[in-house]
Ligand SMILES: CC(C)(COP(=O)(O)OP(=O)(O)OC[C@H]1O[C@@H](n2cnc3c(N)ncnc32)[C@H](O)[C@@H]1OP(=O)(O)O)[C@@H](O)C(=O)NCCC(=O)NCCS
C-alpha cells in the first residue's frame, strides 16, 4: 500500500466497515508505523482489496482485511490473507493472532481455513455497538500442521490463478527456501 492507493483503499474501507478508518489513519500507518505492513491486491488498474498486519515481537497481529463487496467470494480474501502470512513469516514472526466480531461469520470462516482457532474473547470490544470480539490464533508457522495447511491453501489458489503465489512473493520481495527464490 502506498499513498497513491489511499482513495481506493478508503472506498473499500467505507463499503466494508461500519466505523471505518479515514485515509489519514492509513497514511499514518504506512508512513509512520514501523511495525505495520499493508498490502493491496490489484486486478489490472482496480484495487480489489487490502490487508494489514502489525509485526509484534514474534507474533503477527492481523489488523484488517477487506475485499470490495462486489468481488467477494471469488478467493481474493484468501489470496490477501495468504500473502499477509507470507510477509509475516518472512519477517520472522512465529504465529498470527487477531480479533474479529462474534457476528462476522464470513471472516471467521476465512480465518478458520487458514488454521486460526478461537482462543478467547474480549467482551464489548467494539465501541460502535458493544459487540464482543473473538480472539483467534494460529499454531506456530513452522509446525508441520501449519505448513501442511498453508501448502494446501497455496495449491487451491494456484489452481484458480496459476503462478499467483510466486507472483505475490516476487511483488513482495519474499524468497521461500522450500520453493526457491521469489523471482
Ligand atoms: C472477510 C472478507 C475479507 C472475505 O473476502 P472474500 O474475498 O469474500 O473471501 P474469499 O472469497 O477468499 O473466501 C474465503 C472463504 O471465507 C469464507 N467466507 C467468505 N465469505 C463468506 C460468507 N459470506 N459466508 C460464509 N463464509 C464465507 C468461506 O470459507 C470462503 O471460502 P469458499 O468461498 O471457498 O467457501 C470479506 O467478506 C470482507 O471484506 N468483509 C468485510 C470486512 C471484514 O469484515 N473483514 C474482517 C475483519 S476482522
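We did not get these values from a lab; they are worked out from the coordinates using the rules stated. Since the model is a prediction, treat every value here as computed from it, not as a measurement. Note: ideal-geometry Cβ built from the backbone for every residue, glycine included; neighbour counts use all protein chains shown.
With both residues required to sit in the chain, DSSP beta bridges show an antiparallel share near 90%.
Within the listed set 170, 66, 36, the residue fluctuating most in the Gaussian network model of the chain (springs between alpha-carbon atoms under 10 angstrom) is 170. Between 76, 38, 125, the Gaussian network model of the chain with springs among Cα atoms under 10 angstrom shows the greatest mean-square fluctuation at 125. The sum of -39500 (n - 2.57) across all DSSP H runs of n ≥ 4, divided by the residue count of the chain, sets its helix-only mean residue ellipticity at 222 nm to -12000 deg cm²/dmol. Taking only the alpha-carbon positions of the stretch 50-92 and ignoring solvent, what does the Debye formula give for the base-10 log of I(q)/I(0) at q = 0.14, 0.26 Å⁻¹? With one equal scatterer per Cα and no solvent, log10 I(q)/I(0) is -0.33, -0.86.
Placing a pseudo-label 7 Å from each Cα along the Cα-to-Cβ vector at residue 91 and residue 118 gives an inter-label distance of 2.8 nm. Sorting 174, 65 from the fewest to the most surrounding beta carbons within 10 angstrom yields 174, 65. Exposure proxy for 57, 134, 67, 43: other Cβ atoms within 10 Å of each Cβ, ordered fewest to most, give 57, 43, 134, 67. Throw me the Rg/Rh for the stretch 86-129, computed over C-alpha atoms with Kirkwood Rh, two decimals. That ratio is 1.03, to two decimals. The residues 117, 21, when put in order of fewest to most other Cβ atoms within 10 Å, stand as 117, 21.
On a per residue basis, the convex hull of the C-alpha atoms belonging to the stretch 72-183 measures out at 113 Å³.
Eigen-decomposition of the gyration tensor built on the alpha-carbon atoms of the stretch 3-172 gives equivalent ellipsoid semi-axes of 22, 21, 16 angstrom, largest listed first.
Length gained on full extension, residue 129 to residue 56, computed as 0.36 nm times the residue gap minus the Cα-Cα distance: 23.5 nm.
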